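Let me begin by presenting the structure, written as structure tokens, before commenting on it.
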């Protein structure tokens, strides 16, 4: 009796508190796909170095005199001992790129005071007083902060570690963000592949591009008979005359570039007339690399522009921010087509390129996400919106609008980090909006082809290794078959058991990839009542009609 | 499309006909207006490289001493005998005459002789 009363009170309270909004009680995941953040959630806990900081020091051991956790949540590494360090274990994934922001409260003016070499392959980081950001690729799962020089002290506070990728934020309280893998890049083999754009006859003061080098020395762009851009031993090198040039990598002023995906912005204050443009080939030499989202402006981008470009892909070209005008965009090759031998110039300049040998790399995580854009897909080519012809691609085809959802073209997916809040679900609920005309897909899948929810092949829903499921459509109406009418429909699956799942993937089941829009993916750890199902359907119907 | 193999041909082989095992996939063909095959033409490696440049990339030409060599990218399989046929082209010959190679091996060979390398644009 006590249980019945408590459950009733709980249900009443839940409904009362969530009128006209999504039910939040027992909500473990809510992907609204309202935006894509370049950086993920905070990965390091206790970044304030509070007193007795267990995360940074083994609590079973007494810190040496050279490590002092201060009352103001900072840590001081002193010169009492040599080569002292603090660390957090199992916070990094090897070969993954991270952005680290930290504050130096006081330090000797010695750039060798701190090293992250053990963690991110960064030999030297800035140590002047103030806040700094560095980006590197993990070579260890442990994050170390070291003081390697004797005779100097350093006090550090407010460290923040974020993975450099694009995420759809989780709007529940669990931050189970979905990492997005819907970018496309063009891959060049380094032997004989290129894109030839002949003589576009455009002025260049700024060029922006995503690049992933196979090695630290590669040929990137030929611009004229005397101007080109290469990477040489990990340094971006500008050949020819580049007056007052600036180079930004991932929004930071630096010439260093490694072998992970990077966003590069290069500026000069004097126009270069580009008349012999080739991607991945300079003279008779070819580059082994992947390229995406190449933009050329006849205006000089500022550092704030470079930051906007990095943090908000495509915002510059659509005039959503920054100092540069759309009229200054003179070349724009998204390299998102996915097939064919033409690299379309979406700037309107008409300087299409001929793809020779290069092939597309789908499912890229750190380049502009097609899943978060409007695009067209005619003749199997995915073309982005032409900035000068809003609503259409460069060929005049109407776009498939993402309508605030995750706009998949059958070649990408989302990955939700495995978390105890999900694997603890034994009798839960999954809900989502779906707008599809295709008849074969799987919405959510796990680590093997045996774990899936919401799979169909022109017929009924099937679910594998996911509990005893009951399905509903557009509210609490029982349903066994999805609708393929190209309109939005809201589906609910109750009785979901995720306890054996170790991966949580949106549309990454071979031969069942989604070519449709999915939105408002909700996962609860309990079974929603009919009233609650109707509530979630009703409150989000207005934006899915 | 991406090839899966590279081959470095000497001039004689490059100017010569492709092996019969490659004809089904790479020989030049003549069709009538209805799309029916009328004739299969003799095809050289030089023509194969030109026909498939967009698909596989440029043919890279370089010299070692006075001798010219040509690196082609192809898509071949053991199942249809085409890899074996290409291997046969290089039997009893010295490197790099008609040698099959991987992407990295091709890059190294071209890089080692890059002062003399050019791309063939048809």
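The values are calculated or read from the model by the stated rules, or taken from the named source; none is laboratory data. From a predicted model like this one, the values you see are computed outputs, not experimental measurements. Here the Cβ is made from the backbone with ideal geometry for all residues, glycine too, and neighbour counts use every protein chain on show.
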Over region A:175-215, the set of residues more than 14 Å from chain B (Cβ to nearest Cβ) and touching a helix residue (DSSP H, G or I) at 6+ places or on another chain (Cβ under 9 Å) is A:176, A:180, A:181, A:182, A:183, A:184, A:205, A:206, A:208
Provide a single number: the residues in region B:77-117 that are more than 9 Å from residue B:7 (Cβ to Cβ) and part of a loop (DSSP other than H, G, I, E, B).
15
Does residue B:29 meet the test of being in contact with a strand residue (DSSP E or B) (Cβ under 7 Å, 6 or more places away or on another chain) and farther than 21 Å from residue A:341 by Cβ?
no
Quick check: anything in region B:100-112 within 11 Å of the chain's Cα centre (by Cα), within 14 Å of chain A (Cβ to nearest Cβ), under 28 Å from residue A:218 (Cα atoms) and at pLDDT 95 or above?
yes
With a cut-off of at least 2 residues that are surrounded by fewer than 17 Cβ atoms within 10 Å (Cβ to Cβ) and more than 14 Å from chain A (Cβ to nearest Cβ), name the helices (runs of 4 or more DSSP H) lying wholly within region B:8-63.
B:11-15, B:20-26
Please give the number of the condition residue B:72 fails out of (1) under 17 Å from the mean Cα position of the chain (by Cα); (2) modelled with pLDDT under 95; (3) within 11 Å of another protein chain (Cβ to nearest Cβ).
(2)
Is there a residue being surrounded by fewer than 18 Cβ atoms within 10 Å (Cβ to Cβ), within 12 Å of chain A (Cβ to nearest Cβ) and over 28 Å from residue A:340 (Cβ atoms) anywhere in region B:75-83?
no
Residues that are buried (at least 17 other Cβ atoms within 10 Å of the Cβ) and within 14 Å of chain B (Cβ to nearest Cβ), drawn from region A:277-323:
A:278, A:279, A:280, A:281, A:282, A:284, A:285, A:286, A:287, A:288, A:289, A:290
Output yes when any residue across region A:454-477 is in contact with a strand residue (DSSP E or B) (Cβ under 7 Å, 6 or more places away or on another chain), free of Cβ contacts under 8 Å to residues at least 12 places away in the same chain and over 24 Å from residue A:174 (Cβ atoms), and no when none is.
yes
Scan the strands (runs of 3 or more DSSP E) fully inside region A:331-450 and keep the ones with 1 or more residues being within 14 Å of another protein chain (Cβ to nearest Cβ) and in contact with a strand residue (DSSP E or B) (Cβ under 9 Å, 6 or more places away or on another chain).
A:353-356, A:359-364
In region A:515-532, which residue that is in contact (Cβ under 8 Å) with a residue 60 or more places away in the chain and farther than 23 Å from residue A:505 by Cα is surrounded by the most Cβ atoms within 10 Å (Cβ to Cβ)?
A:532
So, restricting to strands (runs of 3 or more DSSP E) that lie completely within region A:206-305, which ones have at least 1 residues that are free of Cβ contacts under 8 Å to residues at least 40 places away in the same chain?
A:228-232, A:235-239, A:246-249
How many residues of region A:176-194 are part of a strand (DSSP E or B), under 17 Å from residue A:335 (Cβ atoms) and under 26 Å from the mean Cα position of the chain (by Cα)? The answer is 8
